[in-house]
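To start, the structure itself, in structure tokens.
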Amino acid sequence: MDLNAIRTAVIEGNALAVENGVKEALEAKISAESILIEALVPAMDEVGKRFEAGDFFVPEMLIAARAMKTGIALLRPLLAELGVEPVGKVVIGTVKGDLHDIGKNLVGLMLEGAGFEVIDVGTDVSIETFVEAVQREEPHLLGMSALLTTTMPSAAEVIKALSDAGLRDKVKVLFGGAPVTEAFTEQIGADGYAPDAAAAVTKAKDLLGVTN
Ligand code: B1M
């Protein structure tokens, strides 16, 4: 199995082929870093492009992201041993009162696929928990997701609480979810908005000045 075949397997969402492909590539002494950077990341990049072009829809993107995650799971311990630096650290969660996590998980997976270290703090995340996670993890980016119009304002409270805790200038804040708009994001003082998972990766890279 070559790297091209792994790329194709991710794009096609074939988790078993990704798993076998990554195992074979490792047995063939291809480095974990090469598999990540030359196969998994470009594959998710392609998935993101296809989604943005309207050629892929949410189900295809979810299946591809899951296939990619299978590959990441095999590589993660090896990458940790090698000390490969992630492109940035992200804390992500769904805001207080909100249990929707499909979109948030997809954003997290896509960010992981793009080389970010992702700490997922779950759903129905209280303001205090977000602030504590930022304090503890010192991420470059805080990602919040909201799917209900009633829970959207909670993101504003998190941003205020970050300011009160003296943490606001230490972390970029990205906010998204079906009812969230760019205008709302600006109004509450977040740094960025993304309408979908592919755009979230692009925005995260922009906010952190990641060039590739
Ligand atoms: Co809920 N629900 N739901 N629901 N649900 C919606 C959101 C709703 C629009 C349905 C409707 O009425 N038409 C409506 C919200 C209305 C509103 O406020 N505007 C709604 C409601 C009302 C409710 C309940 C209140 C229903 C009830 O109990 N009466 C209840 C609330 C529970 C709670 O959270 N406290 C509820 C419950 C549920 C389920 C548990 C049954 C289930 C969630 C399961 C789960 O997530 N584990 C559920 C589901 C599945 C939906 C719909 C059908 C699908 C949501 C979804 O997963 N979409 C949804 C209707 C719909 O959207 N068609 C609906 C797929 C996902 C990939 O897209 O989440 O938008 P999405 O994420 C996208 C982007 O938004 C963006 O990227 C993602 C990928 O492209 N994005 C980000 C998301 N987060 C981001 C973060 C970023 C950047 C981009 O930066 C960090």
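Nothing in this text is a laboratory measurement; each read-out follows from the coordinates by a stated rule. Only a predicted model underlies this, so the values are computations on that prediction, with no experimental measurement involved. Cβ: placed from backbone, ideal geometry, glycine included. Neighbour counts: every protein chain shown.
Rg over Rh of region 95-212, using C-alpha atoms and the Kirkwood radius, what does it come to? Intermediate values should be presented prior to the final figure.
Numbers: Rg = 12.7 Å, Rh = 13.9 Å.
Reported Rg/Rh (Cα atoms, Kirkwood Rh): 0.91.
Relative to the current alpha-carbon distance between K23 and R76, full extension at 0.36 nm per residue lengthens the span by 17.8 nm. With the highest mean first, a sort of the peptides 143-149, 184-190 on other beta-carbon atoms found within 10 angstrom per residue produces 143-149, 184-190. Relative to the dominant Cα principal axis of the chain, helix 197-208 is inclined by about 70°. Between amide H atoms placed 1.01 Å from N, distances below 5 Å from G143 occur with V91, I92, G93, L174, all of them 5 or more places distant or on a separate chain.
Tell me the Kirkwood radius of region 3-82: reciprocal of the mean inverse pair distance over distinct alpha-carbon atoms, in Å.
Numbers: mean 1/r = 0.0816 Å⁻¹.
Over region 3-82, the inverse of the mean reciprocal pair distance is 12.3 Å.
Compared with the direct C-alpha span, the chain from S34 to A178 gains 48.3 nm at full extension, assuming 0.36 nm per residue. Among 114-127, 86-99, sorting by the average number of other beta carbon atoms lying within 10 angstrom of each residue, highest first, gives 86-99, 114-127. Take the Cα of K49, step 7 Å toward its Cβ, do the same at D169, and the gap between the two points is 3.9 nm.
Normalised by the number of residues in the chain, the mean separation of alpha-carbon contacts (under 8 Å, six or more apart) gives a relative contact order of 18 percent. Taking each DSSP H run with n ≥ 4 as -39500 (n - 2.57) and averaging over every residue of the chain yields -17000 deg cm²/dmol at 222 nm. The 3J(HN,Hα) values that the Karplus relation (6.51, -1.76, 1.60; θ = phi - 60°) gives for region 69-82 are, in residue order, 4, 4, x, 4, 4, 6, 8, 3, x, 6, 5, 4, 4, 6 Hz. Gly and Pro appear as x.
With respect to the chain, whose longest principal axis is taken over its alpha-carbon atoms, helix 102-113 is tilted by about 50°.
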